[in-house]
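Novice: This is the structure I have questions about; it appears just below.
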Amino acid sequence: MEDKNYSEKDLSELIKWLKVIGEPKRLMLLEKIIDGVQCNCELGSLLEMVANWTSQHLSLLRVSGLVVSD
């Protein structure tokens, strides 16, 4: 087994992602996006969240680099 040393930057990035997906609703949003759901209103409806909360969570996923929007 190869020993892998991670840089401080790599560990910082991982910690940031774990904090973002550590919130259950964001993790569920990410799961739905991976499944192919793309519409904010549909995501909110599936997770029983109002539009502004859905947008807030999606924004954090985008800022962290876990979700990319066109």
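Novice: For the structure I just gave you, tell me whether SER69 is in a loop (DSSP other than H, G, I, E, B), of a type outside the set (A, V, I, L, M, F, W, C) and either under 14 Å from the mean Cα position of the chain (by Cα) or surrounded by 13 or more Cβ atoms within 10 Å (Cβ to Cβ) (or both). Give the steps one after another, and end with the answer.
Specialist: On the way: in a loop (DSSP other than H, G, I, E, B): yes; of a type outside the set (A, V, I, L, M, F, W, C): yes; either under 14 Å from the mean Cα position of the chain (by Cα) or surrounded by 13 or more Cβ atoms within 10 Å (Cβ to Cβ) (or both): yes.
So SER69 passes the test.
Novice: Which pairs have Cβ atoms under 9 Å, sit 6 or more apart or on different chains, and link a residue in segment 9-35 that is in contact (Cβ under 8 Å) with a residue 24 or more places away in the chain to one that is aromatic (Phe, Trp, Tyr)?
Specialist: LYS25/TRP53
Novice: Right, something else. I need the full set of residues from segment 35-54 which are assigned to a helix (DSSP H, G or I) and closer than 12 Å to LYS25 by Cα, in order please.
Specialist: To start, the set of residues in segment 35-54 that are assigned to a helix (DSSP H, G or I) comprises 40-46, 51-54.
Across segment 35-54, the qualifying residues are LEU43, GLY44, LEU46, TRP53, THR54.
Novice: How many of the residues in segment 20-58 are surrounded by 12 or more Cβ atoms within 10 Å (Cβ to Cβ) and not basic (Lys, Arg)? Working first, answer last.
Specialist: Of all residues in segment 20-58, those surrounded by 12 or more Cβ atoms within 10 Å (Cβ to Cβ) come to 20-21, 23, 25-33, 37, 40, 42-47, 49, 51, 53-58.
Now narrow it down to the ones that are not basic (Lys, Arg): 20-21, 23, 27-31, 33, 37, 40, 42-47, 49, 51, 53-58.
Matching residues across segment 20-58 total 25.
Readers should treat all values here as calculations from the given coordinates under stated rules, not as data from a laboratory. Owing to the predicted nature of the structure, the values given are computational and were not obtained by experimental measurement. Every residue, glycine as well, gets a Cβ built from its backbone with ideal geometry; the counts of neighbours run over all protein chains shown.
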